[in-house]
Amino acid sequence: MSTALFSFALASLLIELTPGPNMAYLAILAADRGRAPGLAGVAGVALGLALLGLLAILGLGALVLEQPWLYQTLRWAGVIYLLYLAWEAWSDSRKPIEAVDPHLGAWRYFRRGLITNLLNPKAALFYVTVMPSFLTTTASSEAMLFGAVYVAVATAVHAGVVLLAGSVQPLLTIPSRRRIMGLVFAVLLIGIAAWVTMTTAR
């Protein structure tokens, strides 16, 4: 199993290094709000990945794929949520940066990271279509171990993205720059929503 687990970890790393909705959202969040909010978002995404993995192991992931209406509901809810975040990025950039309760702020971005990932059908598809091909047994304990490895790899990649993107945040505190970057971030999020729409069509 060790060889299969190593191969799976390597595949997970390569997949996570490919730009996707989670990586793009976290990079935008860290560049706009800084590393602390970005890391809170990473924690939310990690919990979302863990929950999706558990649901897939319990068989609910396959159920979503077998029910077109359920899959499409999840897919379009994710797209709409990304569009909402795009509108918020644009509108927030027009407001002054205010001091926020650090605990309230962390919870806000943690919650958004969680929701963004739970409404990401590509994450659910990974557990149902990719992970099973690496499993050597049908034991749920092995599936949970592989799922935990995937969450760990994804979280490490996401944290790295946030730390890098967060380094530019101090440069964007000037109001004129914030307005420009708010528009850029909104356009990027709309692009991510369009990308999700096209790549998850069935």
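The values are calculated or read from the model by the stated rules, or taken from the named source; none is laboratory data. Note that the coordinates shown come from a computational prediction; the quantities given were computed from them, not determined experimentally. A quick note on method: Cβ atoms are made from the backbone with ideal geometry, for glycine too, and the neighbour counts reach across all protein chains shown. What goes into the accessible areas is simple: the full protein's heavy atoms, side chains included, and nothing from ligands, DNA or RNA. Shrake-Rupley method; radii C 1.70, N 1.55, O 1.52, S 1.80 Å.
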Query raised in the report: Which pairs have Cβ atoms under 7 Å, sit 6 or more apart or on different chains, and link a residue in region 25-44 that is of a type in the set (Lys, Arg) to one that is surrounded by fewer than 23 Cβ atoms within 10 Å (Cβ to Cβ) and modelled with pLDDT of 90 or more?
Result: Arg35/Leu163
Query raised in the report: Among the residues of region 1-26, which ones are modelled with pLDDT of 85 or more and under 23 Å from Ile180 (Cα atoms)?
Result: Leu26
Query - Members of region 49-84 that are assigned to a helix (DSSP H, G or I), open to solvent by 40 Å² or more (accessible area, probe 1.4 Å), among the aliphatic types (A, V, I, L, M) and at pLDDT 75 or above - result: Ala50, Leu51, Leu54, Leu55, Ile57, Ile80, Leu83
Query - Counted residues, region 112-133 - those being crowded, with 22+ Cβ neighbours inside 10 Å and either over 14 Å from the mean Cα position of the chain (by Cα) or outside any helix (DSSP H, G or I) (or both) - result: 3
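Hey, does region 170-178 have a residue that's on the phi < 0 side of the Ramachandran plot, open to solvent by less than 60 Å² (accessible area, probe 1.4 Å) and small (Gly, Ala, Ser)? First the steps, then the outcome.
At the first step, the residues of region 170-178 found to be on the phi < 0 side of the Ramachandran plot are 170-178.
Then drop every residue that is not open to solvent by less than 60 Å² (accessible area, probe 1.4 Å), which leaves 172, 176, 178.
Then keep just the ones that are small (Gly, Ala, Ser); that gives 176.
Scanning region 170-178 turns up at least one residue that is on the phi < 0 side of the Ramachandran plot, open to solvent by less than 60 Å² (accessible area, probe 1.4 Å) and small (Gly, Ala, Ser).
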Report task. Provide a single number: the residues in region 134-159 that are open to solvent by less than 30 Å² (accessible area, probe 1.4 Å) and either among the aromatic types (Phe, Trp, Tyr) or within 19 Å of Ala31 (Cβ to Cβ) (or both). Result -> 5
Query raised in the report: Taking region 4-46 on its own, how many of its residues are farther than 13 Å from Ala106 by Cβ and either part of a helix (DSSP H, G or I) or open to solvent by 30 Å² or more (accessible area, probe 1.4 Å) (or both)?
Result: 29
Report summary line: Among the residues of region 87-111, the number that are at pLDDT below 85 and either surrounded by 21 or more Cβ atoms within 10 Å (Cβ to Cβ) or on the phi > 0 side of the Ramachandran plot (or both) is 2
Report summary line: Output for Cβ contacts, cut-off 8 Å, separation at least six or different chains, first residue over 11 Å from Gly53 (Cα atoms) in region 112-129, second of a type in the set (Gly, Ala, Ser) and open to solvent by 30 Å² or more (accessible area, probe 1.4 Å), reads Gly113/Ala43; Leu119/Ala77
